[in-house]
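Asks: To start, I am sharing the structure in question, which I have written as structure tokens.
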Amino acid sequence: MAPSLRRRRLHAAGAATAALLADTYLSLTARPLRTSAMVAGIVLGVASATAAVVVADTQRAQIDKRFDAQRSHFVVLVANGDSSHAFPSRRVSEIEALEPVAAAGELSIWNDGVAVATSRFARTARVPLIGATASGLAAAEVRTVSGIPVRAIDRLPGRSLVWVGVALARRLGIRMDLPQTASIASRPYTVAGLLRDDAGFGYVDDAVVMASALARVRYGPGKTVRFLAHVRPGAAGAVAEYARAALDPTGQRQLADATPPDGRILLGHVTSDLRRIGLALGLLVGLIGMVAVANTQSMAVSQRSRELGLRAALGWSRRRIGRLILAESGIAGLLAAILGCGLGLLGAFVWCRLQGWQLIVSPSLGPLVVAGGTLSSLVGGVLPARRAASISPLEAMRS
Amino acid sequence: MPRGSSLAVVGPSGAGKSTLASILGGLQEATEGSYRFDGQEMCGLSSLAVARFRADHVGFVFQNAHLMDERSAWRNVAVGLVDATLARPDVEQRSREALALVGLASVADREAAPLSGGERQRVAVARAVVKRPQLLIADEPTGSLDQKTGQAVLELLFSLTATGATLIIASHDTRAAALADRCVTIVDGALAA
């Protein structure tokens, strides 16, 4: 193609586009109420979808953090075989001496529900009985709220001492300002202190804890005997493997690695669920926007039949009239999508601030949402555009 | 009809004046017979070709001005410039010139809504002539105007033949017949005189 001809064609195309945009602008601004109604539907839809996606992304980051906290700090081994003997203390000390291990020991659930009461006439609660070593409780980050520090649990053998979780103490009315006794499975014990657990082993708060050596003597083998280690993030797998070999070299205990599941795998599932929800929401919003535009533009075409008929009478081709309606839909959709995206981000920002989360916004979200909003608006304008293109100029002029 | 001539089509209501004007302007297709424009047979053309014919060669003035009230007078006139490749400054300039031609240069920037009936119809005439059509078709252009304003609009329309446009006017108005080079009467869809 000769350069001059190409230039002329480019110039003509540019002028035609400018004319179309000018006509679109005039049509959209001529009836601001109708345009606002069309835009409002898309704005609200896009805003809610944007906010939902951003909040979902931010929540994903929160879940990520929590999984990391759960998974990477603990190793849990459960004995499925012989649990009549305590874990050999020398082996436990070896494990504790490992560089990535902060604390390690036994934290077993001896019984799922023992009857606990502070007197014969007081109410009875059925709560888990936990048999633990001081290092097991330290690994679980269980701390003493009041009374004798729980780290003394191994150093007072033969004494009928128990520690009570704070939630259970509240239920039973146990206070540490007076000497307190409790009947556990019909045996008397002295309540040595109250405990709280902050590391995710929340059931300790509503349980009775005694030395695992004492529990083994009084109640026989525990129901769920577990070895727990608090480790440096990233070392859980290696420590679990080492501890299993060290604590159960013959395989008699049948130790199973019950370390909390790998966050990355679970996070993958959750992420894919959230993405699916976001996609479904996006499609729904697109559909709503499409219907809103189709509705408003159909009404507009009916109201503007004389104007459109006049354009046809003056020589506008059907295609050009259709293009005008499509351009109106597309530009209204584009503006609405930009506005809606901004509003959605603002809403998500406010929500995340209220929750104390750090806002996470994917860089591709804005362009995707704006493109989606515009596209759905364009698709919604197709039928009205076809209707507009088929208006008979003669009938319009005679109406 | 030779270029620059004028024809008045008169007759009673329902005789077919508007139908004839529509066929000649390419708004309606003839069910029988033949219509040639510049030697080109118009019957049987595609809708795109007919739209192009209207865009390039025909200007319409209807009984109602059909203005877009929220737009200024010059922007209403600009609607008549169908050629989308014209630059916006050219469009504005030609629209203002057309308004000046019908004596409305002073209202070019005013919205159409408050204009009087006569002014609206003259804006419609400007919209019809802004593309400098070969054929100007007016269908009852004075039907909604008072006597004096109607006379002014008729004189304006007939004066435009001096620019080379051929004028066909379908009207009840006997003054149109008096001003036209030629007059035909239609009764029940057929030429009576």
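Asks: With the requirement that a residue be farther than 19 Å from residue A:41 by Cα and crowded, with 16+ Cβ neighbours inside 10 Å, what does segment A:370-387 give you?
Replies: A:385, A:387
Asks: Of the residues that sit in segment A:355-369 and are outside any loop (DSSP other than H, G, I, E, B) and open to solvent by 60 Å² or more (accessible area, probe 1.4 Å), which one is modelled with the lowest pLDDT? It would help to see each step written out before you state the result.
Replies: Kept after step one, since they are outside any loop (DSSP other than H, G, I, E, B), are these residues of segment A:355-369: A:355, A:365-369.
Then drop every residue that is not open to solvent by 60 Å² or more (accessible area, probe 1.4 Å), which leaves A:355, A:367-368.
Values: A:355: 78, A:367: 89, A:368: 86.
Ranking the qualifying residues of segment A:355-369, first place goes to A:355.
Asks: Can you find, within segment B:33-52, the residue that is farthest from residue B:63 (Cα to Cα) among those that are open to solvent by less than 50 Å² (accessible area, probe 1.4 Å) and within 13 Å of another protein chain (Cβ to nearest Cβ)?
Replies: B:49
Asks: For segment A:26-39, enumerate the residues that are without any contact (Cβ under 8 Å) to a residue 24 or more places away in the chain and either hydrophobic (A, V, I, L, M, F, W, C) or not assigned by TED's automatic domain parsing to the domain that holds residue A:286 (or both).
Replies: Just the residues of segment A:26-39 that are without any contact (Cβ under 8 Å) to a residue 24 or more places away in the chain, to begin with: A:26, A:29-30, A:32-33, A:36.
Hits for segment A:26-39 are A:26, A:30, A:33.
Asks: Also, quick follow-up: Does residue A:116 qualify as being in contact with a Ser or Thr (Cβ under 8 Å, 6 or more places away or on another chain), in a helix (DSSP H, G or I) and assigned by TED's automatic domain parsing to the domain that holds residue A:231?
Replies: no
Asks: Of these, A:153, A:130, A:174, A:109, which one is in contact with a strand residue (DSSP E or B) (Cβ under 7 Å, 6 or more places away or on another chain), in contact (Cβ under 8 Å) with a residue 24 or more places away in the chain and assigned to a loop (DSSP other than H, G, I, E, B)?
Replies: A:174
Asks: Yes or no: segment B:26-41 includes at least one residue that is in a helix (DSSP H, G or I) and either in contact (Cβ under 8 Å) with a residue 12 or more places away in the chain or over 23 Å from residue A:14 (Cα atoms) (or both).
Replies: For segment B:26-41, residues in a helix (DSSP H, G or I) and either in contact (Cβ under 8 Å) with a residue 12 or more places away in the chain or over 23 Å from residue A:14 (Cα atoms) (or both): absent.
Asks: Of all residues in segment A:215-238 being hydrophobic (A, V, I, L, M, F, W, C) and modelled with pLDDT under 90, which is most open to solvent (accessible area, probe 1.4 Å)?
Replies: A:217
Asks: Taking into account only those residues within segment B:81-112 that are within 23 Å of residue A:8 (Cα to Cα) and part of a loop (DSSP other than H, G, I, E, B), which is modelled with the lowest pLDDT?
Replies: Kept after step one, since they are within 23 Å of residue A:8 (Cα to Cα), are these residues of segment B:81-112: B:81-94.
Those left that are additionally part of a loop (DSSP other than H, G, I, E, B): B:81-87.
Values: B:81: 86, B:82: 79, B:83: 77, B:84: 71, B:85: 75, B:86: 79, B:87: 80.
Ranking the qualifying residues of segment B:81-112, first place goes to B:84.
Asks: Hey, residue B:61 hits all of (1) at the interface with chain A (Cβ under 9 Å from one of its Cβ atoms); (2) over 20 Å from residue A:15 (Cβ atoms) but one; which does it fall short on?
Replies: Failing condition for residue B:61: (1).
Asks: Take the conditions open to solvent by 20 Å² or more (accessible area, probe 1.4 Å), modelled with pLDDT under 80 and within 14 Å of chain B (Cβ to nearest Cβ) and apply them to residue A:34. Does it pass? If you could, list the steps in order and put the result at the bottom.
Replies: Numbers: open to solvent by 20 Å² or more (accessible area, probe 1.4 Å): yes; modelled with pLDDT under 80: yes; within 14 Å of chain B (Cβ to nearest Cβ): yes.
Criteria met by residue A:34.
Asks: Please enumerate the residues belonging to segment B:86-120 that are within 14 Å of chain A (Cβ to nearest Cβ) and exposed (fewer than 15 other Cβ atoms within 10 Å of the Cβ).
Replies: B:87, B:88, B:89, B:90, B:113
Asks: Still on this model: Test residue A:60 against the criterion of being surrounded by fewer than 19 Cβ atoms within 10 Å (Cβ to Cβ), at pLDDT below 75 and either outside the structural domain of residue A:288 (by TED's automatic domain parsing) or in contact with a helix residue (DSSP H, G or I) (Cβ under 7 Å, 6 or more places away or on another chain) (or both), and give yes or no.
Replies: Details: surrounded by fewer than 19 Cβ atoms within 10 Å (Cβ to Cβ): yes; at pLDDT below 75: yes; either outside the structural domain of residue A:288 (by TED's automatic domain parsing) or in contact with a helix residue (DSSP H, G or I) (Cβ under 7 Å, 6 or more places away or on another chain) (or both): yes.
Yes.
Asks: Output the residues belonging to segment A:171-204 that are more than 17 Å from residue A:153 (Cα to Cα) and among the acidic types (Asp, Glu).
Replies: A:177, A:198
Asks: In segment A:243-260, which residues are more than 33 Å from the chain's Cα centre (by Cα) and of a type in the set (Ser, Thr, Tyr)?
Replies: A:250
Asks: Test residue B:75 against the criterion of being facing chain A (nearest Cβ under 9 Å), open to solvent by 60 Å² or more (accessible area, probe 1.4 Å) and either touching a strand residue (DSSP E or B) at 6+ places or on another chain (Cβ under 6 Å) or modelled with pLDDT of 90 or more (or both), and give yes or no.
Replies: Considered against the rule, which asks whether it is facing chain A (nearest Cβ under 9 Å), open to solvent by 60 Å² or more (accessible area, probe 1.4 Å) and either touching a strand residue (DSSP E or B) at 6+ places or on another chain (Cβ under 6 Å) or modelled with pLDDT of 90 or more (or both), residue B:75 comes out as yes.
Asks: Let me ask something else about it. Could you go through segment B:18-32 and let me know if any residue there is over 22 Å from residue B:163 (Cα atoms), among the acidic types (Asp, Glu) and open to solvent by 60 Å² or more (accessible area, probe 1.4 Å).
Replies: yes
The values are calculated or read from the model by the stated rules, or taken from the named source; none is laboratory data. Note that the structure is a prediction, hence the values are computed from the model and not measured. Glycine gets a Cβ as well: all are built from the backbone with ideal geometry, and neighbour counts include every protein chain shown. Calculation scope for accessible area: heavy atoms of the full protein, side chains included, ligands and nucleic acids excluded. Shrake-Rupley method; radii C 1.70, N 1.55, O 1.52, S 1.80 Å.
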